[in-house]
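A short worksheet on the structure shown next.
The values are calculated or read from the model by the stated rules, or taken from the named source; none is laboratory data. Remember, predicted model here, so these are calculated numbers, not experimental data. Note: ideal-geometry Cβ built from the backbone for every residue, glycine included; neighbour counts use all protein chains shown. Note: areas computed on protein heavy atoms with side chains; ligands, DNA, RNA excluded. Shrake-Rupley method; radii C 1.70, N 1.55, O 1.52, S 1.80 Å.
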Amino acid sequence: MVVYIDLIFLANLFIDAVLLMVTAWMRKIRPVWWRLMASAGIGAMYVVMMFVPELSFLFTFLIKLALSVIMLLVAFGFGSMQKYLRTMGAFYMINFVAAGGILGMHYFLQNTGELFNGIWYTASGGMSFELKIAFWFILCAFGGVMLFFRIVQSSKQRTERMSGFLGQVQVWIGQDHIECTGLLDTGNQLHDPLTRTPVMVMEAALWESYLPASWLQKCSEGNADQLVMELGDESFSWQDRVRLVPYRGINRSHSFMLALKPDRVEVVMNGVHFVHHRVLIGLDGGTLSAEGKYRAIIHPDVTAQEGGSADTNQKRDAHLSEHSTESG
């Protein structure tokens, strides 16, 4: 059997470097490139040592653990015990994901004959598995597993970041109300140009039971101005609540959005209850979130009251007014 030590060294240098870079990405650490490569070099040299029979004592659990400790110290430093242990946990988790992914992909691509040819039984009744994975398969599978892992983690992090901006929305018009999940958009500056009333955006499909049948299609086509002109043709109990709000689209073109004037809007976000009476609900004919995580865009003015709920502030002001009257 011919073993190419230089090829094995370079392959493990690449694998260790990628594992350390993914660890740094997960832990939000900016590594120094030469320290990272030095750490990867230590790991690659350790693999090469397995071909030296006199150094077989190095391949024990304690030595392997000590090697990972040294590699992380060289790559990222120590900082604090808590920080270091978290980095080590992330490093081992990524290693296990990579190893499990390569093994799973190997067995996934095997046929039944190859799988059973690698299984044999001992005289005592035990069962063993013979594992043969091609060198280039390991490199290709490793790259694919790490790419997939990073995509999954990025999606998870985006979801976690977004969850802090999600809230439950209730819009009341008379005795009718619509509930959905909304996303707080701090960059939303949409106002009615005449009254400076903030405009929230909701999917028009949420109002399907209350709007005339032809409105949803025309909202999706962007013909909101035509709907206002046709108000007299169809009976609609909320005609006096309909507004037309001009806005500028992403392509800098001007258009109009159909909006409703509700009695009040309630938003519960991060345990705080906000109530707003001066707001318009713009109707969007499309889907605001492709994943369905939210169906409304919350205007930042709706959650701008200090101390949480606007109703709470009004009650507090009324109480102070009554107290001042009694004192007078």
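Listed values, structure above:
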item	result
Selection count where residues are assigned to a helix (DSSP H, G or I) and over 12 Å from ASN12 (Cα atoms), scope the stretch 23-42	9
Selected residue (only one of GLU179, GLU114 is acidic (Asp, Glu) and at pLDDT below 60)	GLU114
Complete set of residues in the stretch 56-76 that are free of Cβ contacts under 8 Å to residues at least 24 places away in the same chain and open to solvent by less than 50 Å² (accessible area, probe 1.4 Å)	LEU58, ALA66, VAL69
Residue match in the stretch 251-268 (condition: open to solvent by less than 70 Å² (accessible area, probe 1.4 Å) and modelled with pLDDT under 80)	yes
Any hit, the stretch 131-143, residues being out of contact with any Leu (no Cβ under 8 Å at 6 or more places or on another chain), loosely packed, with under 13 Cβ neighbours inside 10 Å and either among the hydroxyl-bearing types (Ser, Thr, Tyr) or modelled with pLDDT of 80 or more (or both)	no
The one condition in (1) under 20 Å from ARG150 (Cα atoms); (2) surrounded by 16 or more Cβ atoms within 10 Å (Cβ to Cβ); (3) in contact with a Lys or Arg (Cβ under 9 Å, 6 or more places away or on another chain) that ALA98 fails to fulfil	(3)
Single residue of the stretch 43-55 satisfying the filter (open to solvent by 60 Å² or more (accessible area, probe 1.4 Å) and out of contact with any Phe, Trp or Tyr (no Cβ under 9 Å at 6 or more places or on another chain)) that is farthest from VAL97 (Cα to Cα)	GLU54
Residue that is nearest to HIS273 (Cα to Cα) [pool: residues in the stretch 178-204 that are more than 25 Å from the chain's Cα centre (by Cα) and surrounded by 15 or more Cβ atoms within 10 Å (Cβ to Cβ)]	ILE178
